[in-house]
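The values are calculated or read from the model by the stated rules, or taken from the named source; none is laboratory data. Treat the numbers as computed from the prediction; the structure is a model and nothing was measured. Here the Cβ is made from the backbone with ideal geometry for all residues, glycine too, and neighbour counts use every protein chain on show. Just the protein is used for accessible areas: all its heavy atoms, side chains included, with ligands, DNA and RNA removed. Shrake-Rupley method; radii C 1.70, N 1.55, O 1.52, S 1.80 Å.
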Amino acid sequence: MTVAAPASKDLVIETTALTKQFGSRNAVDSVDLQVPRGCAFGFLGPNGAGKTTLIRMLLGLTGASSGSIRLRGHDVPHDKSAALERVGAIVEEPRFVPYLTGRQNLRVIAAAREPAAHGRIDKALERVGLTGRADDRVKSYSLGMRQRLGVARCLLADPELLILDEPMNGLDPAGIHEFRQMVREFVAEGRTVFLSSHLLDEIERTCDLVAVIDDARVVEQGAIGSVGRELGAT
């Protein structure tokens, strides 16, 4: 099931026939995605379906074998710097310098961005609930805390688009609930959240729209209620 695509100017992510091959195997196979601005968009599929490979292509971390990508209206990889200017991303488990504190890690990252990024550190830590642990070394953080710090890192860019790869890994039920609320707050601010997960329940509870990928191909795309009902019936 698909829905009519918005006009390209209203899309923050648009891919056409996007394909990534490793030898004779297609890790991503002819994927067309249309992600409108200002929504929570779920990218749902089992582990190994191609979710992380597609995210890496969106961010210009690996090249496509064929097809095209437009991010925030810019071509990737040809206009990658402009495309990623206001994009925050977590790809797989976020990595940090373990012997530095959470705050120090964010300062290092902010130094590579515009000067205003430094002024966003405290607010980002507060927003993800890490103010009380900001001056502890990251090596003492749980996986869930590192996921939160990864979101704080994203916020340093004042992102128009957040791309989050399985961000609920390691969170307890209370943490998942708080994360869901945070995503909805981002959307209310006019941001777009592209959220990959293998958990149908969390995508249904968090997202407005969804694309379902299975065996490297998108098999469903549309409003979360319609797609969720179809998946529940299979």
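Name the helices (runs of 4 or more DSSP H) wholly inside the stretch 13-114 in which the number of residues that are out of contact with any strand residue (DSSP E or B) (no Cβ under 7 Å at 6 or more places or on another chain) and modelled with pLDDT under 95 is 2 or more. If you could, list the steps in order and put the result at the bottom.
Values: elements: 51-58, 80-83, 102-111.
Filter on the stretch 13-114 gives 80-83, 102-111.
Exactly one of (1) more than 16 Å from Pro46 (Cβ to Cβ); (2) open to solvent by 40 Å² or more (accessible area, probe 1.4 Å); (3) at pLDDT 90 or above is unmet by Gly170. Its number?
(3)
Quick one: in the stretch 31-42, which of the residues that are in contact with a Leu (Cβ under 7 Å, 6 or more places away or on another chain) and over 17 Å from Arg86 (Cα atoms) is most open to solvent (accessible area, probe 1.4 Å)?
Gln34
What number of residues within the stretch 120-137 are loosely packed, with under 12 Cβ neighbours inside 10 Å and at pLDDT below 95?
Count: 0.
Taking only pairs six or more apart or across chains, which ones have beta-carbon atoms under 7 Å, a first residue in the stretch 202-220 that is closer than 23 Å to Leu171 by Cβ, and a second residue that is open to solvent by 50 Å² or more (accessible area, probe 1.4 Å) and of a type outside the set (Gly, Ala, Ser)?
From the stretch 202-220, the pairs are Val212/Val219.
Kindly provide the set of residues from the stretch 62-86 that are in contact with a helix residue (DSSP H, G or I) (Cβ under 8 Å, 6 or more places away or on another chain) and of a type in the set (Ser, Thr, Tyr), ordered by number.
Within the stretch 62-86, Thr62 is the sole residue that qualifies.
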